[in-house]
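Q: What follows is a structure written as structure tokens; I'll ask about it next.
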Amino acid sequence: MWVSSRESSAGTIEGGPSYTYDAVYQDIVQDERIVSTYDMTLNGERISVSVATVEFASEGSGTRLTLTEQGVFLDGLDKVEDREHGTRELLDKLAEVVARETANA
């Protein structure tokens, strides 16, 4: 299924820089995968462009999520380590929501 949907978000770290995230969902197959392209800015300057693929596969009584991201970090304004840190935080928050929802089911 071809999808052309967009997502944007912006925020400022308290006492720190402002970020934007602008994504286009390129492909969504229910229960299988989501493919998106996105760029990020830091204080209005473009810092990266990425292609991200999230794949879902049944595993036992649960689901395995596999995230693959190919990123281009522009002009030294972003680093792989920073992106990995942010992505891990987001995935940890997702795991908390899934655990809470599963417990309430």
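Q: Note the angle between two axes, namely the Cα long axis of helix 80-104 and the longest principal axis of the Cα atoms of the chain, as a number of degrees from 0 to 90, rounded to the nearest 10.
A: Here the helix axis deviates by roughly 30 degrees.
Q: How far apart, in nm, are two points set 7 Å out from the Cα along the Cα-to-Cβ line at H85 and at L67?
A: With each label placed 7 Å out from Cα toward Cβ, I get 1.5 nm.
Q: Also: With springs only between Cα atoms under 10 Å apart, run a GNM on the chain and tell me which of T53, T66, T20 wobbles the most.
A: Comparing T53, T66, T20 in a Gaussian network model of the chain, the most mobile one is T66.
Q: Let me ask something else about it. For the stretch 2-104, what are the per-bin percents of Cα-Cα distances with bins 5 Å wide, up to the bin holding the maximum?
A: 2, 11, 16, 23, 20, 14, 9, 4, 1, 0
Q: When the Karplus curve 6.51 cos²θ - 1.76 cosθ + 1.60 is applied with θ = phi - 60°, which whole-Hz ³J(HN,Hα) does each residue of the stretch 50-67 get, with x for Gly and Pro?
A: With the stated coefficients, the stretch 50-67 comes to 9, 10, 10, 10, 10, 10, 10, 9, 4, 8, x, 8, x, 9, 8, 9, 10, 10 Hz.
Q: Where Lys and Arg each count +1 and Asp and Glu each count -1, what net charge lies around V72 among other residues with Cβ under 13 Å from its Cβ? It would help to have the intermediate numbers written out before the result.
A: Numbers: positive: R46, K79, R83; negative: D39, E69, D75, D78.
Combined, the nearby Lys, Arg, Asp and Glu give -1.
Q: Compute the signed sum of charges (Lys and Arg +1, Asp and Glu -1) over the other residues within less than 9 Å, Cβ to Cβ, of D39.
A: Around D39, the surrounding residues sum to 0.
Q: Between L77 and V24, what is the FRET efficiency for a Förster distance of 25 Å, r being their Cβ-Cβ separation, to the nearest 0.05?
A: 0.70
Each value in this text was obtained by applying a stated rule to the coordinates, not by laboratory testing. These figures come from a predicted structure and were not determined experimentally. FYI the Cβ positions are ideal-geometry reconstructions off the backbone, even for glycines, and counts take in every protein chain you see.
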